[in-house]
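Scroll down for the structure; my scribbles are underneath it.
The values are calculated or read from the model by the stated rules, or taken from the named source; none is laboratory data. What you see is a predicted model; the values in this text were computed from it and never measured. Glycine gets a Cβ as well: all are built from the backbone with ideal geometry, and neighbour counts include every protein chain shown.
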Amino acid sequence: MNEAIGQVVSLGVGVCVSPIPIVAVVLMLATPRARSNGLAFLLGWIAGLAVVGSIVLLVSDGADATGDDGPATWVSILKLVLGALLIALAVKQWRGRPRRDEQPPVAKWMQTIDAIQPPKALGMGALLSGVSPKNLLLTIAAATAIAQTGVGGGRQAVALVIFILIGSLGVGAPIAIYFALGERSRRVLDDLKTSMIAHNAAIIAVIVLVLGAKLLGDGLAGL
């Protein structure tokens, strides 16, 4: 059980540090439907991670992720592939970062958040958690790492829940701040939004580079 949890903590932190989704939440909390939109987004975020993680766990169990003396060979190969993809993503993010005098680009969909409804916020949360390249790769890695430990289904579910909880702290924090402070949270959230937008590319690059290198090392060690 402890091994399964230990496998996912760092990967959960990687999902947690997601600047663009955090910015999206902060923008939603400035709309007339702040409470319902914020909670809907968080619920969608959790659902996205849960669906992807559960599917990968089921597939990994069916493919026998545990060998006689450690993880199955295909698990180690998958870690190598995921690690390489994460490092490639880190390079792409770093190269695309704004230069000193450039303004960070803002996605067009963020400009429509003022008119967003809770169902759309729910879907947006699910997409940003379960489909975005960084989070998809990290969730696949986490679920595979849980499966390779060979623990029972119930313990696997607990480890996946812990991964999801850690991965949801980033988008959950602004919502908690809003509910705790109300309108007084505006300055704190605005500062958070500005920082996340300004340093999005660099933050993502560093996080995925470190985790990509970790997965590469784990994959090589398992072969």
Here are some residues: LEU136, LEU169, LEU209. Which one is out of contact with any Cys (no Cβ under 7 Å at 6 or more places or on another chain), closer than 29 Å to MET28 by Cβ and either acidic (Asp, Glu) or at pLDDT 90 or above (or both)? LEU136
What do you reckon, is ASP190 over 23 Å from ALA50 (Cβ atoms), among the charged types (D, E, K, R) and surrounded by 15 or more Cβ atoms within 10 Å (Cβ to Cβ)? no
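Based on what the data block shows, is VAL208 crowded, with 16+ Cβ neighbours inside 10 Å, out of contact with any strand residue (DSSP E or B) (no Cβ under 9 Å at 6 or more places or on another chain) and outside any helix (DSSP H, G or I)?
no
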So which residues in the range 59-80 are without any contact (Cβ under 8 Å) to a residue 24 or more places away in the chain, among the aliphatic types (A, V, I, L, M) and surrounded by 14 or more Cβ atoms within 10 Å (Cβ to Cβ), if there are any at all? VAL59
Could you please let me know if GLY170 is assigned to a helix (DSSP H, G or I), surrounded by fewer than 21 Cβ atoms within 10 Å (Cβ to Cβ) and touching a helix residue (DSSP H, G or I) at 6+ places or on another chain (Cβ under 8 Å)? yes
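Within the range 116-160, restricting attention to residues that are outside any helix (DSSP H, G or I) and of a type outside the set (Ser, Thr, Tyr), which residue is nearest to the chain's Cα centre (by Cα)? Even if it seems obvious, please write down each step before you answer.
Narrowing the range 116-160 to residues outside any helix (DSSP H, G or I): 116-117, 131-132, 149-152.
This time we only want the ones that are of a type outside the set (Ser, Thr, Tyr), so: 116-117, 131, 150-152.
Numbers: ILE116: 22, GLN117: 23, VAL131: 10, GLY150: 24, VAL151: 24, GLY152: 25 Å.
Across the range 116-160, the extreme among qualifying residues is VAL131.
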Could you grab me the full set of residues in the range 1-51 that are touching a Phe, Trp or Tyr at 6+ places or on another chain (Cβ under 7 Å) and either without any contact (Cβ under 8 Å) to a residue 60 or more places away in the chain or not in a helix (DSSP H, G or I) (or both)? LEU29
Pick from the range 5-44 the residues that are of a type in the set (S, T, N, Q) and touching a Pro at 6+ places or on another chain (Cβ under 9 Å): which of them is nearest to LYS108 (Cα to Cα)? ASN37
Applying the selection to the range 101-130, what residues are closer than 26 Å to ALA88 by Cα and modelled with pLDDT of 90 or more? MET124, GLY125, ALA126, LEU127, LEU128, SER129, GLY130
Note on VAL151: of the conditions (1) within 20 Å of PRO19 (Cβ to Cβ); (2) at pLDDT below 90, unmet is (1)
For ALA213, state whether it is assigned to a helix (DSSP H, G or I) and more than 18 Å from the chain's Cα centre (by Cα). no
Picking from ALA126, ALA147, the residue that is buried (at least 23 other Cβ atoms within 10 Å of the Cβ) and in contact (Cβ under 8 Å) with a residue 24 or more places away in the chain would be ALA147
Scan of the range 52-94 for residues that are acidic (Asp, Glu) and part of a helix (DSSP H, G or I), ordered by number: ASP61
